[in-house]
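Worksheet: one structure, shown below.
The values are calculated or read from the model by the stated rules, or taken from the named source; none is laboratory data. Everything quoted here is computed from the prediction, not taken from an experiment. Here the Cβ positions follow ideal geometry from the backbone for every residue, glycine too, while neighbour counts run over all protein chains shown.
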Ligand SMILES: Nc1ncnc2c1ncn2[C@@H]1O[C@H](COP(=O)(O)OP(=O)(O)OP(=O)(O)O)[C@@H](O)[C@H]1O
């Protein structure tokens, strides 16, 4: 194992660039009861830096979606805390949670989730309309320019390619300037070329527009677009990779598998 690319995560270590946008502290999620209890997340401490693209990776069933759902306030933790900025998401009631999700969090899903009867432009501004706000036209133009959608604004989703639809979904997620965008397998439904294009736009949104994105992915090539990869296994943080490449991500995942086989050789994995 190359320890220069695969390091244990130190939950107390400050992020190098600025304060974390999102934090999990001792986050635990149990499903079911008694014998059938599943410990989907087990005391997770994790930081996601503001202004960065972070990927969450790990084997199927390791707890990636659960972690994202708890951080985004889509599901309630059994114990522990999730913070968006200084707000403790786990302490909010339903009304406050709805507001937080609408105003401070953006979502991008594998299946795009655009409204078919609306044009690209109407889909993009929908969160602002729903909140009864006024669209910041300058920000709208910046997003549309960055995401290469200027020629597509009057098209309906059925008239757009998968990659274009996902770019509309990204613009919709960013239109309210949320503190963080959570992207769940954003390239899962795209061919590799459209996927690469969407990932480039996600990275531009971070680099050029200063946004914060947390992305769950199974794909080492997709994860390599991130500034950092957080590895999760058996509901626990198992390590991280800074400035990942497809090769270092694969090595990190392989190390997880090897460690799974031989737990006594697992010094880098927090058990
Ligand atoms: N609603 C639920 N009820 C019971 N168990 C659940 C529920 N949701 C998730 N789990 C279990 O919790 C664990 C973590 O699931 P989770 O969906 O977070 O994993 P994941 O890493 O996102 O998996 P995948 O990569 O396959 O999407 C798994 O063992 C899963 O079976």
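Of all residues in the range 35-54, those satisfying the criterion of being outside any strand (DSSP E or B) and either within 13 Å of the ligand (Cβ to nearest atom) or in contact with a helix residue (DSSP H, G or I) (Cβ under 7 Å, 6 or more places away or on another chain) (or both) are 36, 37, 51, 52. For residue 184, the criteria (1) crowded, with 23+ Cβ neighbours inside 10 Å; (2) in contact with a strand residue (DSSP E or B) (Cβ under 7 Å, 6 or more places away or on another chain) hold in every case but one, which is (1).
Would you check if residue 119 is within 16 Å of the ligand (Cβ to nearest atom) and either modelled with pLDDT under 95 or out of contact with any helix residue (DSSP H, G or I) (no Cβ under 8 Å at 6 or more places or on another chain) (or both)? Here the answer is no, as residue 119 does not meet what is asked. For the range 55-72, a residue qualifies if it is assigned to a loop (DSSP other than H, G, I, E, B) and surrounded by 23 or more Cβ atoms within 10 Å (Cβ to Cβ), and the qualifying residues are 58, 63, 72. Among the residues of the range 145-161, just one is in a helix (DSSP H, G or I), closer than 16 Å to residue 108 by Cβ and either modelled with pLDDT under 95 or in contact with a strand residue (DSSP E or B) (Cβ under 7 Å, 6 or more places away or on another chain) (or both), namely 146. Within the range 74-90, the set of residues being part of a loop (DSSP other than H, G, I, E, B) and over 18 Å from residue 63 (Cα atoms) comprises 85, 86.
Could you tell me whether any residue of the range 55-74 is more than 11 Å from the ligand (Cβ to nearest atom), more than 19 Å from residue 104 (Cβ to Cβ) and at pLDDT below 95? No.
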